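J.: After the structure tokens below, expect a handful of questions from me.
The values are calculated or read from the model by the stated rules, or taken from the named source; none is laboratory data. Fair warning: this is a prediction, and the values are worked out from it, not measured in the lab. We place every Cβ from the backbone using ideal geometry, glycine too, and count neighbours over all the protein chains shown. The accessibility values were calculated without ligands, DNA or RNA, using every heavy atom of the protein model including side chains. Shrake-Rupley method; radii C 1.70, N 1.55, O 1.52, S 1.80 Å.
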Amino acid sequence: TEAAYNTIIDSKTCSLFRLVFRGTGELARASALDLSELERLGTGLGTLFQIRDDLIDIVGAKEGREAGNDIREGKITLMAADFVHGAAAPELREEAARILGLPRTETTPAEVLAVKELFWAHGSVEGSRNRLLELEARIRELEIMSTYPRLAVGIEELLQRLRVGLFQESGQER
């Protein structure tokens, strides 16, 4: 489910980003309010980074790895959670869940391709892209972004870099 996905990324990717931002704030002797905002920024960026990583696995290969590796490994991604828990007809959800549950060595390239095509056809990829755009907007609205304009400039540059290559297929590159 999406809740399980959020729990997983909150305990790994987001916690790392929170640690970095809060630790930096503590070293700079930031106020309690700013530390709280920095943690929110870390959580937002951690979530955004993880969803981006999941999308890259579908829209193009990660450096040094084949596209579709997350499917092959049966990883829980936002797209898998969306698809398997309601975005498609029951028989398609069952087939995707079956493939995602296979041991890596037993998952064929045709099965990986089939799941990727299901994610595309049933809006799971587009849903993840939309979630990225929502996260970007929420990050830009954080109070700390107006409090520290230089931080806002750096975060905006990071957001633009993280977006490269994720919206080309649907003509949504911005």
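J.: Out of the range 1-32, which residues are open to solvent by 20 Å² or more (accessible area, probe 1.4 Å), more than 16 Å from Arg131 (Cβ to Cβ) and either of a type in the set (Lys, Arg) or touching a residue at least 12 places away in the same chain (Cβ under 8 Å) (or both)?
T.: Across the range 1-32, the qualifying residues are Lys12, Ser15, Leu16, Phe17, Arg18, Leu19, Val20, Phe21, Arg22, Thr24, Arg29.
J.: Another question, then. For the range 149-174, which residues satisfy the criterion of being at pLDDT below 90 and of a type outside the set (A, V, I, L, M, F, W, C)?
T.: Gln160, Arg161, Arg163, Gly165, Gln168, Glu169, Ser170, Gly171, Gln172, Glu173, Arg174, listed by residue number.
J.: Among the numbered criteria (1) in contact with a helix residue (DSSP H, G or I) (Cβ under 7 Å, 6 or more places away or on another chain); (2) within 24 Å of Leu135 (Cα to Cα); (3) modelled with pLDDT under 85, which single criterion is violated by Arg93?
T.: (2)
J.: Taking the range 92-109 on its own, how many of its residues are of a type outside the set (Val, Ile, Thr) and open to solvent by 60 Å² or more (accessible area, probe 1.4 Å)?
T.: Selection size over the range 92-109: 9.
J.: Here's something else I'd like to know. Only residues that are open to solvent by 20 Å² or more (accessible area, probe 1.4 Å), among the hydrophobic types (A, V, I, L, M, F, W, C) and not in a helix (DSSP H, G or I): list them for the range 110-165, please.
T.: Val164
J.: Right, another one. So Ile51 fits all but one of (1) assigned to a helix (DSSP H, G or I); (2) at pLDDT below 90; (3) aliphatic (A, V, I, L, M); (4) buried (at least 19 other Cβ atoms within 10 Å of the Cβ); what number is the exception?
T.: (2)
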